[in-house]
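Right, one structure below, let's go through it.
The values are calculated or read from the model by the stated rules, or taken from the named source; none is laboratory data. As the structure is a prediction and not an experimental result, all values here were calculated from the model. Here the Cβ is made from the backbone with ideal geometry for all residues, glycine too, and neighbour counts use every protein chain on show. When the accessible area is computed, the model is the full protein with side chains, heavy atoms only, and any ligands, DNA or RNA have been set aside. Shrake-Rupley method; radii C 1.70, N 1.55, O 1.52, S 1.80 Å.
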Amino acid sequence: MKKLIIFNLKMNAPDLSDWNGDIKSSSAELVVCPPFTHIDKMANLLKKTKIKLGSQDVFWENSGAYTGEISPVMLKNLDVEYVIIGHSERRQYLGETDEMIVKKTRAALKTGLKVVLCISDLNQLEKDFIENENLVIAYEPLWAIGTGNPCKPEDAVEMAKNIKKILNVKVLYGGSVNSQNIKDFLKYEEIDGVLIGGASLKKNEIKQICR
Ligand code: PGA
């Protein structure tokens, strides 16, 4: 099965020309998650490629008085296919709770979006998460995110096995993945892909990762 590589641009304005036709991979499904402000432009650009579009967050209602929020249906209408939910930066800086994350996950799945649910430990994998073919879990140890210090691939494999004992899902690893270490993770069948932050901002890195 094809590995899944998700590029999370976080709150960085992408150079859209990085995402033109020369980014491709024959062995992986590629997804890029720009900030909300760039989703529309990115959607147009990606039409000429096989890269899929993702968003970095979503709200749990489809419309109404929720200032500042973006709904699952709004994303779906912009050709968004994947949505990252529960990223540790949102849990840390925005106070997102497991309860909010469960609501977002349910709403996004109901709308037909594919959810990349980020967790840093097994406790966050609440029992009531629906087993759904459109749910992917990203294991991201907090100390590995943005530090240049990834976790040992064997430890990520162990965690992936534990997650798969609870839910029948794809499991990604995230935290300081780059072109140098990506193979060390993807060579394991238990690891279905990676979630990449910092390395998504360098065109050369993106190209090498995809290769
Ligand atoms: P990083 O970020 O690749 O910069 O460590 C990963 C993430 O936050 O998903």
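Give the residues of the range 161-202 that are away from the ligand (no atom under 16 Å from the Cβ) and open to solvent by 20 Å² or more (accessible area, probe 1.4 Å), sorted by residue number.
161, 162, 164, 165, 166, 168, 187, 188, 189, 190
What about residue 207, is it away from the ligand (no atom under 15 Å from the Cβ), out of contact with any Phe, Trp or Tyr (no Cβ under 9 Å at 6 or more places or on another chain) and either farther than 15 Å from residue 136 by Cβ or among the charged types (D, E, K, R) (or both)?
Criteria met by residue 207.
Can you pull out every residue in the range 32-44 that is farther than 22 Å from residue 136 by Cα and buried (at least 20 other Cβ atoms within 10 Å of the Cβ)?
Result: 42, single match.
Which helices (runs of 4 or more DSSP H) does the range 48-115 wholly contain that include 2 or more residues that are within 25 Å of residue 142 (Cβ to Cβ), at pLDDT 95 or above and within 16 Å of the ligand (Cβ to nearest atom)?
Correct list: 88-93.
From 114, 110, 152, grab the single residue that is open to solvent by 10 Å² or more (accessible area, probe 1.4 Å) and farther than 30 Å from residue 187 by Cβ. Before you say what the answer is, go through the steps one by one.
Values: 114 fails: farther than 30 Å from residue 187 by Cβ; 152 fails: farther than 30 Å from residue 187 by Cβ.
On inspection, the qualifying residue turns out to be 110.
Is it fair to say residue 158 is farther than 22 Å from residue 9 by Cβ, surrounded by fewer than 22 Cβ atoms within 10 Å (Cβ to Cβ) and modelled with pLDDT of 95 or more?
The answer is yes for residue 158.
Note down all Cβ pairs under 7 Å where the first residue falls in the range 11-40 and is under 13 Å from residue 200 (Cα atoms) and modelled with pLDDT of 95 or more, the second is in a strand (DSSP E or B) and of a type in the set (Lys, Arg), and they're at least six residues apart or on different chains.
Cβ pairs passing all conditions: 30/52; 31/52.
For the range 166-211, enumerate the residues that are touching a Ser or Thr at 6+ places or on another chain (Cβ under 7 Å) and hydroxyl-bearing (Ser, Thr, Tyr).
Passing the criteria: only 176.
Only residues that are in contact with a Gly (Cβ under 9 Å, 6 or more places away or on another chain), part of a loop (DSSP other than H, G, I, E, B) and either without any contact (Cβ under 8 Å) to a residue 12 or more places away in the chain or within 16 Å of the ligand (Cβ to nearest atom) (or both): list them for the range 121-143, please.
Matches in the range 121-143: 140, 141.
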